[in-house]
Amino acid sequence: TFHYEELNEIADTIKQMQEEIQHYIKRLKREKKIRQEFFDNASHELKTPLTSIRGYGELLKNGVVNDPQQAQECIDRILKETTHMTALITDILMISRLEGNDVVEEKVDIPLRSSVEEVRKSLDPMARENHVFLDVQAEDCCVHMSQKHLEQLLSNLISNAIKYNRENGTVDVFLKSERQRLVLSVEDSGIGISKEDQKHIFERFYRVDKGRSRRVGGTGLGLAIVKHIVRYYNGTIDVFSRENIGTKITITLPSVVVRQDEER
Ligand code: ADP
C-alpha cells in the first residue's frame with residue numbers, strides 16, 4: 001500500500017531542497033557578477049596609466065620631443081603614472097586580502113598616541129602641499145589590533161579629508177577610548193558629499209568626481225578598504241556631511257582598547 005502522507009512529506013522536502021539550491025545558485029551568480037565587475041574595473045583602472053606611460057614613452061623614443069624641458073615633463077608624467085599604478089596595485093592586493101575571509105591578521109598591542117603621530121608625520125607633507133591645517137588629538141591608550149589596519153584606517157580617512165578640502169581648510173582628527181571601544185573621527189572643512197553619493201562612497205572604485213579624484217591621486221579603493229577593516233572588527237561607520245561645508249566620518253571599533261591609560 002502507498003503511504004501518501006510519507007510521499008507528500010518527501011515531495012515537500014525535495015521542493016524545499018530545490019528552493020534552497022536555487023537560492024544558492026542565485027547567490028553564486030551574484031557573487032560571480034560582482035567579482036567580474038571588480039576585475040573589469042581593476043583592469044580598466046590599470047590600463048589607463050599604462051596607456052599614458054606608453055604614449056609618453058613613444059613620444060620620447062620617436063624623437064618627437066626635442067626640447068629638454070618637454071622631455072623632462074614626459075619623464076615626470078611617466079613617473080607620476082607609475083606611482084599611481086603602484087598605489088592601485090597595493091590597494092587591489094589589500095582589498096582582495098581583506099575579502100578573502102579566511103585571512104587572519106596578526107594583532108599586536110599598539111601605543112595609540114605614538115602610532116598616530118607616525119601617520120600624522122607621513123601625511124604632513126600632503127597637508128602642506130594642499131594648504132590644509134591638520135590637527136590630531138589622540139588619547140593615551142593602548143589598542144590591540146593589526147598595525148597595518150590602524151595605519152590604513154587613519155591614512156585613508158585623513159588623506160581623503162586633505163584631498164577633498166578647500167584652500168586653507170582644516171582637518172581635525174580625534175581618537176579616544178570609551179571603555180574597550182576605540183572611537184576615531186576625522187572631520188574636514190571640504191567639499192562635502194551629497195546624501196545620494198554617501199550611499200555609494202564605500203563601493204569599490206566609486207568616485208563622486210572622477211576627474212578630481214584622479215587629479216588628487218586617488219585609487220577609488222580607500223573607503224572600500226576602510227569598510228572592510230571596520231567589518232573585520234565588527235565596528236561601525238557614520239558619515240555626516242554637508243556639501244561645501246565639510247564631512248565628518250566616525251568609526252568605532254569595539255573591544256580593541258586593552259589599556260585606558262598607557263604608562264609613561
Ligand atoms: P579615492 O581614492 O577616489 O579618494 P575613496 O574610496 O577613498 O577613493 O573615496 C571614494 C570617493 O568618496 C572619493 O572619490 C570622493 O569623491 C569621495 N570622498 C571620500 N572622502 C571624502 C571627503 N572627506 N570629502 C568629500 N568627498 C570624499
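The values are calculated or read from the model by the stated rules, or taken from the named source; none is laboratory data. The model shown is predicted, which means the values in this text are computed figures rather than measured ones. Don't worry about glycine lacking a Cβ; one is built from the backbone with ideal geometry, like all the others, and counts go over all protein chains shown. Just the protein is used for accessible areas: all its heavy atoms, side chains included, with ligands, DNA and RNA removed. Shrake-Rupley method; radii C 1.70, N 1.55, O 1.52, S 1.80 Å.
Just a few scattered comments:
- Residue 122 being within 13 Å of the ligand (Cβ to nearest atom) and closer than 30 Å to residue 53 by Cα: no
- Subset of the stretch 182-207 that is within 8 Å of the ligand (Cβ to nearest atom) and touching a strand residue (DSSP E or B) at 6+ places or on another chain (Cβ under 6 Å) - its residue that is farthest from residue 169 (Cα to Cα): 193
- Among (1) over 20 Å from the mean Cα position of the chain (by Cα); (2) modelled with pLDDT of 95 or more; (3) part of a helix (DSSP H, G or I), the one test that residue 74 misses: (2)
- Each residue in the stretch 208-230 was checked for being over 23 Å from residue 170 (Cβ atoms) and surrounded by 14 or more Cβ atoms within 10 Å (Cβ to Cβ), and 10 of them qualify.
- Residues that are within 11 Å of the ligand (Cβ to nearest atom) and either within 20 Å of residue 258 (Cα to Cα) or more than 17 Å from the chain's Cα centre (by Cα) (or both) within the stretch 153-181 comprise 165, 166, 169, 171, listed in sequence order.
- Residue 66 being among the polar types (S, T, N, Q) and over 26 Å from residue 85 (Cβ atoms): yes
- So residue 237, is it in contact with a His (Cβ under 8 Å, 6 or more places away or on another chain) and more than 8 Å from the ligand (Cβ to nearest atom): no
- Every listed requirement among (1) open to solvent by 90 Å² or more (accessible area, probe 1.4 Å); (2) among the polar types (S, T, N, Q); (3) closer than 22 Å to residue 220 by Cβ is met by residue 66 save one, (3).
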